[in-house]
Amino acid sequence: MSNHGTTPEAPAELNTNVPHPARVYDYWLGGKDHFPADRRAGDAVLAANPAVRPTIKANRAFLRRVVQFLAEEAGITQFLDIGTGIPTSPNVHEVAQAVAPASRVVYVDNDPIVFAHAQALLRSHGAGTTTVIQADLREPDKILQHPRVQQVLDFSQPIGILLVAVLHHLTDEEDPAGVVARFRDSVVAGSHVAISHGTADINPEAAAKAGQRFAEAGPAAPYVARSRAEIERFFDGLTLLDPGVVQPPRWRPDGPVAVGDLDRISFYAGVGRKP
């Protein structure tokens, strides 16, 4: 797991009869760590909006580019990845440690299956440290004060906070903007916050129907699509980096973007720097 001896805690009881977003995402990405309930939920959503799968893949590609940018250009060597889901290669630690071998990564998820597979799937490279904790985004202080987070991350130095495809699982009553602000306030200047989030601004009829099917499947978390303006507000107090809040394929792409595909990608993404 890590050459610093940070091992994952024992998983809580796993309920495989209730679909969980992390396992549904794994199914959409072509992974193997899901159960019949997750596949049923995933298929119901895909029937309503087949573009969900390319959207999720575009989101994963955004995550890879963000981590590479932060490690190569922003000098970030420590990452807090919240709502990481099932580790899917290349994951944050693989990308970061390929650039900066001493990078330290803490994965956070509330799904026990992440811990059931963490020993096998997460491997550190070089001098870096990779670990995982079980905690919930809705309780940011418990994440920030967790002994392993405090052990692995140095909060006197810049940190990359990754909130990728997770804030749309918080309702407005759960105050996602307040959650982001708590993480923003916990880190020093030069830290970065990366966010991607589902929207119904793009392909709205299919996106709304897919969200309804996701809710009807009874997953362990809701799905709340938000507008671009609502997602931009999550970056309050941060300097939004170019090109702003855009569809994931448009965020600093590696090459030409297939414009014809963009009308199917119902996500926005962006990165902010703490001044």
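No lab work stands behind these numbers, since they all come straight from the coordinates. Note that the structure is a prediction, hence the values are computed from the model and not measured. Please note: Cβ atoms are built from the backbone with ideal geometry, for glycine as well, and neighbour counts cover all protein chains shown.
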- Toy charge model, Lys and Arg Cβ at +1, Asp and Glu Cβ at -1: segment 21-273 dipole around Cα centroid in debye, rounded to 20, equals 540
- Query: Say the dipole of the chain comes from +1 at the beta carbon of Lys and Arg and -1 at that of Asp and Glu; which of Gly272, His197, Ala258 then lies farthest toward its positive end?
  - Reply: Ala258
- Item | Pairwise label distance in nanometres, Asp242 with Glu216, each label 7 Å out on the Cα-Cβ vector | 4.5
- Given 20 °C and 1.002 mPa s, how large is the Stokes-Einstein diffusion coefficient of segment 149-229 in µm²/s, with Rh as the Kirkwood radius over Cα pairs? 148
- Message: Multiplying the sequence separation of Gln150 and Val259 by 0.36 nm and subtracting their Cα-Cα distance, what value in nm do you get?
- Response: 34.9 nm
- In nm, to one decimal, how far is the modelled label at Asp141 from the one at Gln157, with both set 7 Å along Cα→Cβ? 2.8
- Message: Sort 40-51, 78-89 by the packing proxy (mean of other Cβ within 10 Å over each peptide's residues), most packed first.
- Response: 78-89, 40-51
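In cubic angstrom, how much convex hull volume per residue do the alpha carbon atoms of segment 136-183 span? Before the final figure, lay out the partial values.
Numbers: hull volume 3.9 nm³, N = 48.
In segment 136-183, the Cα hull volume divided by residue count equals 80 Å³.
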- Task: With runs of 4+ DSSP H residues as the only contributors, calculate the mean residue ellipticity of the chain at 222 nm using -39,500 (n - 2.57) per run, divided by the residue total and rounded to the nearest 500.
- Result: -10500 deg cm²/dmol
- Item | Relative frequency of Cα-Cα separations exceeding 18 Å in segment 38-109, percent | 46
- Separation of segment 21-86 and segment 242-273 by C-alpha centroid, Å? 15
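Let me have the relative contact order for segment 21-273, percent, based on Cα pairs under 8 Å that are six or more residues apart.
Details: 476 pairs, mean separation 53.8, N = 253.
The normalised contact order for segment 21-273 reaches 21 percent.
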- Message: With a cap of 11 neighbouring Cβ atoms within 10 Å, and only residues DSSP puts in a loop, list the GluC sites (Glu not before Pro) found in segment 38-102.
- Response: Glu73
- Of all DSSP beta bridges located in the chain, what percent are antiparallel, nearest 5? 35
- Tell me, in nm to one decimal, what length is gained between Glu173 and Asp185 on full extension, where the rule is 0.36 nm per residue of separation less the Cα-Cα distance? 2.3 nm
- Would you mind computing, in nm to one decimal, how far apart the modelled labels at Lys32 and Thr16 are, each placed 7 Å from Cα along Cα→Cβ? 1.4
- Task: Could you point to the label whose value was computed as volume of the Cα convex hull per residue in Å³ for the structure here, given [x] 176; [y] 124; [z] 115?
- Result: [z]
